[in-house]
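The values are calculated or read from the model by the stated rules, or taken from the named source; none is laboratory data. This one's a predicted model, so the numbers in the text were calculated from it and none came from an experiment. Positions of Cβ are generated from backbone atoms using ideal geometry, with glycine treated the same way; all protein chains shown enter the neighbour counts.
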Amino acid sequence: QKEVEQDPGPLSVPEGAIVSLNCTYSNSAFQYFMWYRQYSRKGPELLMYTYSSGNKEDGRFTAQVDKSSKYISLFIRDSQPSDSATYLCAMSAWGGANNLFFGTGTRLTVIP
Amino acid sequence: NAGVTQTPKFQVLKTGQSMTLQCAQDMNHNSMYWYRQDPGMGLRLIYYSASEGTTDKGEVPNGYNVSRLNKREFSLRLESAAPSQTSVYFCASSELQGTGETQYFGPGTRLLVL
């Protein structure tokens, strides 16, 4: 079983839709959770960073962590064509970047 | 501020050839990393360097060597390339922010080994 599971998609939605992206994990020690956005032929860029359980909001993006279910989500409201990218989840037990476990990524297309 | 830069952007090698991938960051970060990204596998850590003069193996170090030349530069060397090393390679650096480290990635090097 992989440490982190992520549905690869692809996911296509119309502009303005609410998008839900999800990851599940098996290691209950994970406490640090990240979402990266990766445009085609570019490097990943950090979108959201949360510690432990709960929600974090940043503009149209909301990251949600449910440690009891070992499940994290990224919600995108009012999706835009510029949100079309691959979204990677990542997590670690102690916050160090040398011990990150990445999901395989979900490819999202927002159709104008 | 260029952030993290990588050269070359794209490279084709024949099996058995060697090459060095270059990475530099101008953010004064202590820690640097090399990852490979393959379809269906996600990002996997090859090597990392917590500070100038130190390097450590990651999840998939076999077939690679690294050099932390100074605080800015971290290179990845393939001594004898194999087709299994066909991948996209990303360099990253990180800084401590709040309770955890935040990574910044370069644009990647696409490597094809024939």
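Summary table
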{"quantity": "From the options A:Lys70, A:Lys42, A:Lys2, residue that is under 24 Å from B:Lys57 (Cβ atoms) and among the basic types (Lys, Arg)", "calculated": "A:Lys2"}
{"quantity": "Qualifying positions in region B:72-102 - within 9 Å of chain A (Cβ to nearest Cβ), touching a strand residue (DSSP E or B) at 6+ places or on another chain (Cβ under 7 Å) and not in a strand (DSSP E or B)", "calculated": "B:Thr99"}
{"quantity": "Residue in region A:81-94 that is within 14 Å of another protein chain (Cβ to nearest Cβ), of a type in the set (Phe, Trp, Tyr) and either touching a Phe, Trp or Tyr at 6+ places or on another chain (Cβ under 9 Å) or closer than 19 Å to B:Glu101 by Cα (or both) present", "calculated": "yes"}
{"quantity": "Hits in region B:94-114 - residues which are at pLDDT 95 or above and either polar (S, T, N, Q) or more than 10 Å from the chain's Cα centre (by Cα) (or both)", "calculated": "B:Pro107, B:Thr109, B:Arg110, B:Leu111, B:Leu112, B:Val113, B:Leu114"}
{"quantity": "Test: residue in region B:7-22 that is within 11 Å of chain A (Cβ to nearest Cβ), in contact (Cβ under 8 Å) with a residue 60 or more places away in the chain, within 11 Å of B:Gly106 (Cα to Cα) and surrounded by 15 or more Cβ atoms within 10 Å (Cβ to Cβ)", "calculated": "no"}
{"quantity": "Of the criteria (1) hydrophobic (A, V, I, L, M, F, W, C); (2) closer than 18 Å to A:Thr104 by Cβ; (3) crowded, with 22+ Cβ neighbours inside 10 Å, which one B:Phe74 fails", "calculated": "(2)"}
{"quantity": "Odd one out for A:Val65 among (1) more than 23 Å from B:Gly100 (Cβ to Cβ); (2) free of Cβ contacts under 8 Å to residues at least 60 places away in the same chain; (3) surrounded by 15 or more Cβ atoms within 10 Å (Cβ to Cβ)", "calculated": "(1)"}
{"quantity": "Test: B:Arg68 is at pLDDT 95 or above, surrounded by fewer than 19 Cβ atoms within 10 Å (Cβ to Cβ) and under 21 Å from B:Ser31 (Cα atoms)", "calculated": "no"}
{"quantity": "Qualifying residue in region B:90-106 (condition: farther than 20 Å from A:Cys89 by Cα and touching an Asp or Glu at 6+ places or on another chain (Cβ under 6 Å))", "calculated": "no"}
{"quantity": "Set B:Ser31, B:Ser87: member being of a type outside the set (Asp, Glu) and modelled with pLDDT under 95", "calculated": "B:Ser31"}
{"quantity": "Among (1) within 12 Å of chain B (Cβ to nearest Cβ); (2) in contact with a Lys or Arg (Cβ under 9 Å, 6 or more places away or on another chain), the one test that A:Gly43 misses", "calculated": "(2)"}
{"quantity": "Residue selected from region B:37-56 under the condition touching a helix residue (DSSP H, G or I) at 6+ places or on another chain (Cβ under 8 Å) and in a strand (DSSP E or B), by the criterion nearest to the other protein chains (Cβ to nearest Cβ)", "calculated": "B:Tyr48"}
{"quantity": "Near pairs, Cβ below 8 angstrom, 6+ apart or cross-chain, from region A:12-34 (in contact (Cβ under 8 Å) with a residue 12 or more places away in the chain and over 25 Å from A:Ala97 (Cα atoms)) to any residue that is among the aliphatic types (A, V, I, L, M) and exposed (fewer than 13 other Cβ atoms within 10 Å of the Cβ)", "calculated": "A:Ser12/A:Ile111; A:Val13/A:Ile111; A:Pro14/A:Ile111; A:Glu15/A:Ile111"}
